[in-house]
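Undergrad: The structure under discussion is supplied below as structure tokens; questions concerning it will follow.
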Amino acid sequence: MHILLSGASGFLGSACVDLLRRFPEIELSVVRSSRVECVLPLGSREITLLDPTDYSALEKGLGARTPTHIMHLGGVSSPSACEQDPTLAYRGNVEFTKTLVRYAKQTAAHISLVSTDLVFDGARAPPDGFDETATPLPLSHYSRSKVAAEVETLSYHKGCVVRLALLYGHSFSKSRGVLGWMEETLHAREQLILFIDEYRSPIHVADAASSLFEISRLSLTGVWHCGGPTRMSRVEFGIAIAETLGYNSGYIQPTWRAEAPSLPLRPEDVTLNSSKLSALLGFTPRPVRKALIEE
């Protein structure tokens, strides 16, 4: 198995690299769209693709060592950055995906694209969360670019889309993730403003990495949802973090979304129903408190 991984220097990507260290028999190549460095297992190959449309650079970098599987985690993950620069969102999320899908088609490799729960508008969430049959209704340039990347990936018969919920956990990279800034605020004993009426299904980054690896290893196709087992508001999530890690939850300031409007618009409830994936893998991501204790 030879995996080509994009986004290795990011929050999720670095967790995947850490997981892959346990499998020395797997060959790993990394394609990066920036000069951000990341620590890779010995023998890994790095390809820097500063232009996401530079297909020839990708071919040249990999040479004859063609991957059997592509795990596409890279791109522009900041909704605010995408909102400020839609061209950046399109190039980083859509054009980059087109390049990797083209390469997958050329080499007959399996490709899995990491997408997001934010492809839904969150206004009419089903009681059990959005399943894979739900129609995306993106609200932002970020989520629209991810939907476009999904379409591109699913145009290939070996293409797979994995929509991830809110990720948390301690980071292996410079990207702190949501837990990092929450802990920093709580540690400083500053007010942590969290929404009462915004719901997600948080999943620990290690559980997400394990799921993504299994999806790739099994060469699954189609759309799969990958979220945690519990629907939680931002406030509930913050309290769970504070109480589990020994911080004072009194610094959490519950706030309604209407009191702090933002661009891009924030979906109300994008809880994912991940029962299809859990049934296939026989693996259910851990609840927040359990996952934090076991880190």
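The values are calculated or read from the model by the stated rules, or taken from the named source; none is laboratory data. None of the values given here were measured: they were computed from a predicted structure. Using ideal geometry, Cβ is built from the backbone for each residue, glycine included, and neighbour counts are taken over all protein chains shown.
Undergrad: Kindly establish whether VAL151 is at pLDDT 95 or above and either surrounded by 21 or more Cβ atoms within 10 Å (Cβ to Cβ) or charged (D, E, K, R) (or both).
TA: no
Undergrad: Moving on. Considering each of ARG231, ARG266, ARG257, ARG289 in turn, give the residue that is at pLDDT 95 or above and under 27 Å from ALA134 (Cβ atoms).
TA: ARG231
Undergrad: Would you be able to say whether some residue in region 42-54 is modelled with pLDDT under 90, of a type in the set (A, V, I, L, M) and either part of a strand (DSSP E or B) or surrounded by 14 or more Cβ atoms within 10 Å (Cβ to Cβ) (or both)?
TA: Yes: one or more hits.
Undergrad: Consider region 70-88. How many of its residues are in a loop (DSSP other than H, G, I, E, B) and buried (at least 16 other Cβ atoms within 10 Å of the Cβ)?
TA: Total satisfying the criteria: 5.
Undergrad: Conditions first: (1) in contact with a Gly (Cβ under 8 Å, 6 or more places away or on another chain); (2) among the acidic types (Asp, Glu); (3) exposed (fewer than 13 other Cβ atoms within 10 Å of the Cβ). GLU294 passes all but one, so which condition is the exception?
TA: (1)
Undergrad: Only one of these is without any contact (Cβ under 8 Å) to a residue 60 or more places away in the chain and in contact with a strand residue (DSSP E or B) (Cβ under 7 Å, 6 or more places away or on another chain): VAL235, VAL223. Name it.
TA: Going through VAL235, VAL223 in turn, just one is without any contact (Cβ under 8 Å) to a residue 60 or more places away in the chain and in contact with a strand residue (DSSP E or B) (Cβ under 7 Å, 6 or more places away or on another chain): VAL235.
Undergrad: Let me ask another. What helices (runs of 4 or more DSSP H) lie completely within region 221-295 and have 1 or more residues being under 30 Å from ILE70 (Cα atoms)?
TA: Filter on region 221-295 gives 275-281, 288-294.
Undergrad: Now for a separate question. Looking at (1) part of a loop (DSSP other than H, G, I, E, B); (2) modelled with pLDDT of 90 or more; (3) of a type outside the set (Ser, Thr, Tyr), which is the one condition that is false for GLN106?
TA: For GLN106, the failing item is (1).
Undergrad: Shifting gears a bit: Going by what's in this entry, would ILE215 be described as more than 20 Å from the chain's Cα centre (by Cα) and of a type in the set (Val, Ile, Thr)?
TA: In short, no.
Undergrad: Could you identify the single residue in LYS158, LYS146 that is of a type outside the set (A, V, I, L, M), surrounded by 22 or more Cβ atoms within 10 Å (Cβ to Cβ) and at pLDDT 95 or above?
TA: Within the list LYS158, LYS146, the selection yields LYS146.
Undergrad: Restricting attention to region 194-230, which residues are over 30 Å from ILE3 (Cβ atoms), surrounded by 20 or more Cβ atoms within 10 Å (Cβ to Cβ) and of a type outside the set (A, V, I, L, M, F, W, C)?
TA: Residues satisfying the conditions are GLU198, TYR199.
Undergrad: Of the numbered conditions (1) assigned to a loop (DSSP other than H, G, I, E, B); (2) basic (Lys, Arg); (3) over 30 Å from GLY250 (Cα atoms), LYS174 satisfies every one except a single condition; which is it?
TA: Result: LYS174 fails condition (3) only.
This table checks each residue for (1) more than 20 Å from HIS225 (Cβ to Cβ); (2) not in a strand (DSSP E or B).
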position	(1), (2)
ASP121	no, yes
PRO127	no, yes
GLU132	no, yes
LEU139	no, yes
SER143	no, yes
VAL161	no, no
GLU183	yes, yes
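Undergrad: Which of the residues belonging to region 178-201 are within 14 Å of the chain's Cα centre (by Cα) and closer than 21 Å to ASN248 by Cβ?
TA: Matches in region 178-201: VAL178 only.
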